[in-house]
Structures are given as C-alpha cells and as structure tokens.
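Have a look at the structure below, then the notes.
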Amino acid sequence: MKLSDNFTLKEFTDSITAVNHGINNVPGAMQIASLRNLVVKVLQPARDALGIPLFISSGYRSPALNRMIGGANNSQHTRGEAADVQCDDNAALFNYIRNNTDFDQLIWEFGSDEQPQWVHVSCRIANNRGEVLKATKENGKTVYNYL
Ligand SMILES: [Zn+2]
C-alpha cells in the first residue's frame, strides 16, 4: 500500500525482530491513518525538500514488538504516530522538520553535535506539541534534554 509518492506502508511495518520472534506487526485502520498523516505532513515534504532517500528504521510497532525491543511504555510508535528515520544528512532532516512542519515530537537521537545517529519524529492528527529534544547517554542511561 502506497502512503505517498515515496513511502509505502511496508517500510513502516517491516521488522526483522518481529519476524525472528514470530510477533504480529500488522497495524489496524487507525494506526494506518496515523502513519499516513505522519507521511503526508512531515516525511514526504522533507523527502521533497532534501531530495535524498529517507530510510525508516522503525515505524509502527505492535505492543508486543514494542515490549520486545524495550520501547517506552505507550510509545507513539505503537499508535503509528512515530518513525525513526535516517538519511545521508540526518542534521539537515532534523532541521527541515523543525523549521517547516507541524510535528508533535522531534528527537535528535545520540550521535554528535554535528549529526544525530537517527531522527525520531512523531505527528498527531491534531494538537501537535512541537516538542524538540536531544537524547544522550549518561552513565548508560538515556537522558532527554530540550533543544
Ligand atoms: Zn522512535
């Protein structure tokens, strides 16, 4: 199923972890609607502006898959509202989303001051918070600071 010019539903549901553990990772209609909203409002505009492929390393996670990989309780990934994205210039992706789109939460995930290792972004159908965070490791624990 195509979600937009450059994104398919499969990119947001494929999970090697789910396959390896026999976990069902099929989204329902509400989660698909949320994924489409994320793509239409944030990811396709970023893809068009940057002109480079965006790779979805994690999109939808069923509650069982989210537990398996140790995702946050009530993660927006389980609602189809969030994706972890990588490309050849993660900082440019982050900055584009921050400055040009209606997002709910945007996270600079680890990496350096120049480039995040990946970008987490979420989008709700309404009431987006526009929250911008940076994730770092301190003594082995993940810490989030506002940017
Ligand atoms: Zn994420």
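Values quoted throughout were computed directly from the atomic coordinates according to the rules given, and no laboratory measurement underlies them. A quick note: this is a predicted structure, and the numbers were derived from the prediction, not measured. Reconstructed Cβ throughout: ideal geometry from the backbone, glycine too, with neighbour counts over all protein chains shown.
Do we find that D102 is among the charged types (D, E, K, R), within 16 Å of the ligand (Cβ to nearest atom) and closer than 20 Å to V132 by Cα in this structure? It would help to see each step written out before you state the result.
Values: among the charged types (D, E, K, R): yes; within 16 Å of the ligand (Cβ to nearest atom): no; closer than 20 Å to V132 by Cα: yes.
In short, no.
So in segment 76-115, with the set limited to residues that are surrounded by 15 or more Cβ atoms within 10 Å (Cβ to Cβ) and among the acidic types (D, E), which one is farthest from D14 (Cα to Cα)?
D104
Taking into account only those residues within segment 20-61 that are in contact (Cβ under 8 Å) with a residue 60 or more places away in the chain and not small (G, A, S), which is farthest from A72 (Cα to Cα)? Spell out how you get there, then give the answer.
First pass over segment 20-61, keeping only residues in contact (Cβ under 8 Å) with a residue 60 or more places away in the chain: 33-34, 37-38, 41-43, 57.
Those left that are additionally not small (G, A, S): 37-38, 41-43.
Values: N37: 22, L38: 19, K41: 24, V42: 22, L43: 22 Å.
Within segment 20-61, the match that is farthest from A72 (Cα to Cα) is K41.
When you go through A46, A29 one by one, which is the residue that is among the aliphatic types (A, V, I, L, M), more than 13 Å from the ligand (Cβ to nearest atom) and within 21 Å of L133 (Cβ to Cβ)?
Numbers: A29 fails: within 21 Å of L133 (Cβ to Cβ).
Answer to the selection: A46.
Give N66, N73 a once-over and let me know the one that is surrounded by fewer than 13 Cβ atoms within 10 Å (Cβ to Cβ), within 16 Å of the ligand (Cβ to nearest atom) and within 28 Å of N24 (Cα to Cα). Step through it out loud before you land on a result.
Numbers: N66 fails: surrounded by fewer than 13 Cβ atoms within 10 Å (Cβ to Cβ).
The conditions single out N73.
Just to be sure before I move on: is A92 within 18 Å of L3 (Cβ to Cβ), away from the ligand (no atom under 15 Å from the Cβ) and in contact (Cβ under 8 Å) with a residue 24 or more places away in the chain in the structure I sent?
Numbers: within 18 Å of L3 (Cβ to Cβ): no; away from the ligand (no atom under 15 Å from the Cβ): yes; in contact (Cβ under 8 Å) with a residue 24 or more places away in the chain: yes.
Answer is no for this residue.
List pairs: first residue in segment 1-17 and of a type in the set (F, W, Y), second residue assigned to a helix (DSSP H, G or I) anywhere in the structure, Cβ distance under 7 angstrom, at least six positions apart or on different chains.
Between residues of segment 1-17 that are of a type in the set (F, W, Y) and residues that are assigned to a helix (DSSP H, G or I), the close pairs are F7/V39; F7/L43; F7/Q44; F12/L35.
For residues that are among the hydrophobic types (A, V, I, L, M, F, W, C) and in a loop (DSSP other than H, G, I, E, B), scanning just segment 113-128, find the one that is farthest from the ligand (Cβ to nearest atom). Write out each step before concluding.
First pass over segment 113-128, keeping only residues among the hydrophobic types (A, V, I, L, M, F, W, C): 118-119, 121, 123, 125-126.
With the extra rule that they be in a loop (DSSP other than H, G, I, E, B), the set shrinks to 123, 125-126.
Numbers: C123: 12, I125: 18, A126: 21 Å.
Among those that are among the hydrophobic types (A, V, I, L, M, F, W, C) and in a loop (DSSP other than H, G, I, E, B), it is A126.
Can you name every residue in segment 95-132 that is touching an Asp or Glu at 6+ places or on another chain (Cβ under 7 Å) and in contact (Cβ under 8 Å) with a residue 40 or more places away in the chain?
W118, S122, C123, R124
May I ask you to list the residues in segment 12-45 that are surrounded by 15 or more Cβ atoms within 10 Å (Cβ to Cβ), within 18 Å of I69 (Cα to Cα) and not aromatic (F, W, Y)?
T13, D14, S15, A18, I23, N25, P27
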